[in-house]
1. Specify which of the listed residues (A:341, A:365, A:293, A:308) is surrounded by fewer than 17 Cβ atoms within 10 Å (Cβ to Cβ), outside the structural domain of residue A:139 (by TED's automatic domain parsing) and touching a residue at least 60 places away in the same chain (Cβ under 8 Å).
2. When you go through (1) in contact (Cβ under 8 Å) with a residue 60 or more places away in the chain; (2) more than 14 Å from every other protein chain (Cβ to nearest Cβ) one by one for residue A:107, which number turns out not to apply?
3. Run down A:161, A:175 and say which single residue is loosely packed, with under 15 Cβ neighbours inside 10 Å, over 21 Å from residue A:111 (Cα atoms), assigned by TED's automatic domain parsing to the domain that holds residue A:215 and in contact (Cβ under 8 Å) with a residue 24 or more places away in the chain.
4. Take segment A:254-279 and flag every residue that is closer than 30 Å to residue A:121 by Cβ, at pLDDT 85 or above and exposed (fewer than 12 other Cβ atoms within 10 Å of the Cβ).
5. Could you list, in sequence order, the residues of segment B:1-54 that are among the hydroxyl-bearing types (Ser, Thr, Tyr) and either touching a residue at least 12 places away in the same chain (Cβ under 8 Å) or under 18 Å from residue A:81 (Cα atoms) (or both)?
6. When you look at residue B:38, is it modelled with pLDDT of 90 or more, under 23 Å from residue A:90 (Cα atoms) and under 14 Å from the mean Cα position of the chain (by Cα), yes or no?
7. Has segment A:214-237 got at least one residue that is of a type in the set (Ser, Thr, Tyr), surrounded by 13 or more Cβ atoms within 10 Å (Cβ to Cβ) and in contact with a helix residue (DSSP H, G or I) (Cβ under 6 Å, 6 or more places away or on another chain)?
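The values are calculated or read from the model by the stated rules, or taken from the named source; none is laboratory data. Just so you know, these numbers come straight off a predicted model, no measurement behind them. Virtual Cβ from ideal backbone geometry, glycine too; neighbours counted across all protein chains shown.
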Amino acid sequence: MRTLLVWLAGGLSLVGSSQAALASGWNMPVGVTDLSREIYNLHMVIFWICVVIGVAVFGVMFYSLIRHRHSKGAKAANFHENTTVEVIWTAVPLLILVGMAIPATATLQKIYDPSDAELDVMVTGQQWRWRYEYLGEDVAFNSNMSTPRAQIRGDEERGENYLLEVDEPLVLPINRKVRFLFTSDDVIHAWWVPDFAVKQDTIPGFISENWVRINEPGIYRGQCAELCGVDHAYMPIVVHAMEEDDFETWLVERQEMAAEEALGVDREWEMDELMERGEGVYGSICASCHQVEGQGSPPAFPALAGNEQMLADIDWHKDTIINGVSGTAMPSFRTTLNPVELAAVITYTRNAWGNDTGDAVQPAEIAERLER
Amino acid sequence: MWGVIKSVLAAFLGVQKEQQRREDFEKGNPMAFILVGIIMALLFVGLIALVATWAAG
């Protein structure tokens with residue numbers, strides 16, 4: 001018996017030191033929402049139940065092994081079947097499981113209840129970026145990874161948020177229930193932000209829901225959590241959570257930008273403006289496959305510099321970018337890019353890296369083509 | 001009848017006395033066990049559904 005006590009004490013001190021390990025980042029984060037805290041607490045309760053069971057079972061087992069070992073002349077009790085014992089060892093796990101299921105189900109019910117949301121954000125997974133659309137607010141944008149390729153290749157020192165930084169973060173208000181509607185344009189992705197305890201698959205042709213109510217302003221980072229192709233690692237998530245006032249200001253700013261952009265569709269654009277805008281779009285959207293210098297990586301991703309079909313047939317070029325090419329990795333950019341961005345990137349690819357068609361494609365023409 | 005129900009309950013739990021098992025296999029009517037088993041499985045499903053509805057409501 002004394003040996004058993006010594007072991008129990010040893011086990012308890014291990015438990016104490018593991019508390020320190022938990023605080024050091026090995027464990028899941030507590031997060032910044034009430035629900036993430038609840039999920040964390042649930043996880044810890046179940047973890048400790050498992051630890052207690054583990055210590056008890058292995059304690060009894062090792063105690064018995066050592067206390068009743070053969071060299072001490074132990075004789076095996078040779079009996080068969082004891083209904084009472086069997087009923088106990090069936091009923092006890094049953095009660096433990098039901099006991100764990102009750103709090104787990106209560107939490108699940110909260111997770112699955114996106115009702116009464118004050119803001120709806122559509123999250124669309126694309127190879128390989130996220131698209132955010134504030135439903136009913138006329139604000140939508142793409143969120144591309146902004147880590148330079150040079151850092152990935154190892155030519156440059158890695159930045160602080162290597163592979164966890166984007167050009168346009170998702171902006172959300174704190175203290176408001178935000179409902180997410182998840183879907184995908186191509187394959188299955190998963191939108192995962194550990195600090196929100198949200199990890200939701202985005203499935204093409206299907207909309208799933210989840211929600212978040214952030215307690216603290218801050219920048220929260222996540223990643224795609226479903227293997228979705230070669231650049232799976234290069235579609236991070238960054239959420240900028242702001243005070244409600246700041247969020248409203250930001251939203252109005254974005255709405256003004258969108259309105260201005262809509263006006264830009266109708267005016268005549270200069271070659272220089274289109275080229276400048278196009279270079280930006282190309283860098284964030286096209287370059288991951290067709291490469292920064294338009295050299296592509298054949299055969300999967302054809303070169304655009306000196307691409308004869310593209311340069312000879314401007315209609316084909318426009319159609320390819322707007323509608324994609326089925327059966328290949330080239331997606332449709334009909335909804336991802338607006339008419340100005342489409343016109344700019346078409347102009348850019350026709351006039352960069354030695355391509356010099358001189359074509360300045362006008363947004364108005366693209367807008368008309370999109371209507372068809 | 002009560003004996004059959006008790007045996008089916010024991011089967012649900014997965015624990016049965018050896019003596020009772022022998023008796024059931026020697027004297028019992030298999031159809032009775034199958035029927036009672038199916039009925040009680042349906043009752044069990046209904047019970048779970050009830051509890052779930054109550055918990056969700």
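1. After ruling out the rest, the residue left standing is A:293.
2. Exception for residue A:107: condition (2).
3. Going through A:161, A:175 in turn, just one is loosely packed, with under 15 Cβ neighbours inside 10 Å, over 21 Å from residue A:111 (Cα atoms), assigned by TED's automatic domain parsing to the domain that holds residue A:215 and in contact (Cβ under 8 Å) with a residue 24 or more places away in the chain: A:161.
4. Matches in segment A:254-279: A:256 only.
5. Initial filter on segment B:1-54 (among the hydroxyl-bearing types (Ser, Thr, Tyr)): B:7, B:53.
B:7, the sole residue that qualifies.
6. yes
7. Yes - at least one qualifying residue is present in segment A:214-237.
Quick grid of which residues meet (1) crowded, with 18+ Cβ neighbours inside 10 Å; (2) farther than 26 Å from residue A:232 by Cα:
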position: A:108; (1), (2): no, yes
position: A:113; (1), (2): no, yes
position: A:116; (1), (2): no, yes
position: A:122; (1), (2): no, no
position: A:129; (1), (2): yes, no
